[in-house]
Amino acid sequence: MTWPLPEPMLTVGVDSPKLPAGCAAEPKWDGYRAQLAACAGGRVLLRSGQGTDMTASFPENRAAALSQLPTDIGLDGELVVWERDRLAFERLQQRLARRGSGAAEAARQWPAHYVIFDLVYAGADLPGWPYERRRAALEALFTDYGLEAPLALCPSTTDPFVAQGWLEWTAAGLEGLCLKRLDGPQVGALGWGGSTRCGSPPRPSSAPSPAPSRRPGRPWTGSRQPTPRSGRGRRQGRWRRPRVLSRSSAVSRRPCER
């Protein structure tokens, strides 16, 4: 199986979490980095940042990809498990070793959500597109296909105050921030980690919420999503597979082509 998607974008550490002008901030999750390819013929691949095939260990995410996503879509994100209002990385570690009936039981006991922060393939390679354009296409995908748990949209903001507020919840499982240029391709991001007080982290759209509602912000649901430029909600247009702008930007093989 060939999966001609880009290598995962890595972060470069910075000294300050201050959000620069012309950048968007996303929470940095304590989970497993993963790329997901949903292909024609019912083929799904969930691969770690190191290239390990994790599909069999997370059957609920494979089922969600088959039932919710269009074909020939490549996504980049993070697998996370919520437990008692915090991210439980140790549950992910326990799940990775399970297959078959053991994986199915673990999915019921410790369901994993796939927090998606980038669209990297949609019939063509998209990493060369600027972040702002990829983000808009990703939001439209969520809106028009009504994607729901265990698929979740990673929050994104250009508001420095919102980004700073997210850092108050690192002890609950957020590792810090990823800062991405709005006009930048998928080649790298700035990362900053910090630790302050424990509480409820900002939840991605479609992630389960605890009974108490006292947490920073609300999950982004329905047909209104934050725009990378303003951070305010706007109604999305209908999803269209991104158009290839030139022959050089297209790839010759599908992500799951044999």
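Values in this text are rule-based calculations from the coordinates and carry no lab data. All values derive from a computational prediction rather than experimental measurement. No Cβ is skipped: glycine too gets one built from the backbone with ideal geometry, and neighbour counts run over all protein chains shown.
Key figures for this structure:
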quantity: Most to least packed among 83-95, 51-63 [average Cβ atoms within 10 Å]; calculated: 51-63, 83-95
quantity: DSSP bridge orientation in the range 48-153 - percent antiparallel, rounded to nearest 5; calculated: 80 percent
quantity: Long-range amide H partners of Lys18 with built H, under 5 Å; calculated: none
quantity: Residues whose placed amide H lies under 5 Å from that of Asp118, excluding near-sequence neighbours; calculated: Asp76
quantity: From phi via Karplus (6.51, -1.76, 1.60), per-residue ³J(HN,Hα) for the range 56-65 in Hz, x at Gly/Pro; calculated: 5, 7, 10, x, 5, 6, 5, 4, 5, 5
quantity: For the range 142-157, Karplus couplings with θ = phi - 60° (6.51, -1.76, 1.60), whole Hz, Gly/Pro x; calculated: 5, 5, 7, 9, x, 4, 9, 3, x, 7, 9, 8, 5, x, 8, 8
quantity: Space enclosed by the convex hull of the alpha-carbon atoms of the range 21-158, per residue, Å³; calculated: 119 Å³
